[in-house]
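Visitor: Before anything else, here's the structure in question.
We did not get these values from a lab; they are worked out from the coordinates using the rules stated. These numbers come from a predicted model, not from an experiment. All Cβ positions, even for glycine, are placed from backbone atoms using ideal geometry, and neighbour counts span all protein chains on display.
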Amino acid sequence: YLEDTNGGPLDVLKVKALRKTVRGALSNLVNAKLAPQTWGKLSSSGRDMFRNIVERAHPICRLDTDGWKLEHL
């Protein structure tokens, strides 16, 4: 699902950086007391926070429509 701007696969270093950012974003949700028991119960403010953190650090995550790729990570 994740592709670079040319439609190719992300290299290993970019994937590792993305994983690190996702873990940090999840930690931020916990610290803000926005982390739900299941991902499907995440509030809209928590979802916005998560997407903002990841998309700011990795603009490639903005290339999809409506953030569906981040929803499926």
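Visitor: Can you give me the relative contact order of the chain as a percent, contacts being Cα pairs under 8 Å and 6 or more apart?
Guide: 32 percent
Visitor: Right, another one. Could you derive backbone 3J(HN,Hα) for the range 27-41 from the dihedral phi with the Karplus parameters 6.51, -1.76 and 1.60 (θ = phi - 60°), listing whole Hz in sequence and x where the residue is Gly or Pro?
Guide: For the range 27-41, the Karplus-derived couplings read 4, 4, 4, 4, 4, 8, 6, 10, 7, x, 5, 10, 4, x, 9 Hz, x marking Gly and Pro.
Visitor: Label points 7 Å out from Cα along the Cβ direction at residue 57 and residue 43: separation in nm?
Guide: 2.2 nm
Visitor: Under 5 Å between amide H atoms, partner at least 5 residues away or on a different chain: which partners does residue 10 have, H built in plane at 1.01 Å?
Guide: Answer set, sorted by chain and number: 4.
Visitor: Considering the values (i) 44; (ii) 84; (iii) 121, which represents volume of the Cα convex hull per residue in Å³ as calculated for the structure under consideration?
Guide: Looking at volume of the Cα convex hull per residue in Å³ for this model, the match is (ii).
Visitor: Determine the gain in length on full extension of the stretch residue 10-residue 26; use 0.36 nm per residue of separation and subtract their C-alpha separation, reporting nm with one decimal.
Guide: 3.6 nm
Visitor: With +1 on the Cβ of every Lys and Arg and -1 on the Cβ of every Asp and Glu, and nothing else charged, how large is the dipole of the range 12-71 about its Cα centre, in debye rounded to the nearest 20?
Guide: Here the size comes out at about 300 debye.
Visitor: Under the Karplus relation 6.51 cos²θ - 1.76 cosθ + 1.60, θ = phi - 60°, what is the ordered set of whole-Hz ³J(HN,Hα) values for the range 8-21, x standing for Gly and Pro?
Guide: Those phi angles translate into x, x, 6, 6, 4, 5, 5, 5, 4, 5, 5, 4, 4, 5 Hz.
Visitor: How large is ³J(HN,Hα), in whole Hz, for each residue of the range 64-73 in order, when computed from phi with the Karplus curve 6.51 cos²θ - 1.76 cosθ + 1.60 and θ = phi - 60°, using x for Gly and Pro?
Guide: After applying 6.51 cos²θ - 1.76 cosθ + 1.60, I find 8, 8, 6, x, 5, 5, 5, 5, 9, 5 Hz.
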